[in-house]
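Let me begin by presenting the structure, written as structure tokens, before commenting on it.
The values are calculated or read from the model by the stated rules, or taken from the named source; none is laboratory data. Everything numeric here is computed off the predicted structure, so don't read it as measured data. Cβ sites come from the backbone with ideal geometry, for glycine too, and all protein chains shown count toward neighbours.
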Amino acid sequence: MSFLKRLYYFLFGTTIGIIILIFILDKKESTFNYTPNKRVLNDIYKKEWVFNNKNESIIKSKEGFLNIYDVNFSKSNVKLDSCKIYIIEADIKSNLSTFKIKNCEKVAYFNKVK
């Protein structure tokens with residue numbers, strides 16, 4: 001069997017496999033969080049949110065939370081055993097929005113940083 005024929009079969013099989021995986025993973029609503037920033041935000045996203053200030057309207061929906069905010073690990077305290085403290089920041093309409101999040105086992109407590 002020539003090289004071109006083997007390459008054709010390989011590319012055909014790979015294409016079919018990728019298409020099948022796309023359909024399977026799309027139904028499962030899987031996310032691939034490879035960076036530390038995305039893993040922390042996804043962990044906070046899954047928990048119950050409690051705001052210190054009840055009138056807080058900066059974060060209107062959880063869906064926007066994953067795309068807008070970034071974790072500042074240099075200011076965060078991740079060495080705690082019980083509840084780790086993360087500082088998340090976003091530049092929303094040229095205003096820096098910063099939250100201090102106490103990330104416990106089942107609840108994430110949000111405090112607005114001035």
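Summary of values
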item: All positions within segment 60-81 that are in contact with an Asp or Glu (Cβ under 8 Å, 6 or more places away or on another chain) and either under 14 Å from Trp49 (Cβ atoms) or surrounded by fewer than 14 Cβ atoms within 10 Å (Cβ to Cβ) (or both); result: Tyr69, Asn72
item: Single residue of segment 82-104 satisfying the filter (of a type in the set (Ser, Thr, Tyr) and closer than 18 Å to Glu48 by Cα) that is nearest to the chain's Cα centre (by Cα); result: Tyr86
item: Lys28 being surrounded by 10 or more Cβ atoms within 10 Å (Cβ to Cβ) and either basic (Lys, Arg) or on the phi > 0 side of the Ramachandran plot (or both); result: no
item: From the options Glu56, Glu48, Glu63, residue that is farther than 13 Å from Phe110 by Cβ and modelled with pLDDT under 90; result: Glu63
item: Residue identified as free of Cβ contacts under 8 Å to residues at least 24 places away in the same chain and not in a loop (DSSP other than H, G, I, E, B) among Leu80, Leu96, Leu66; result: Leu96
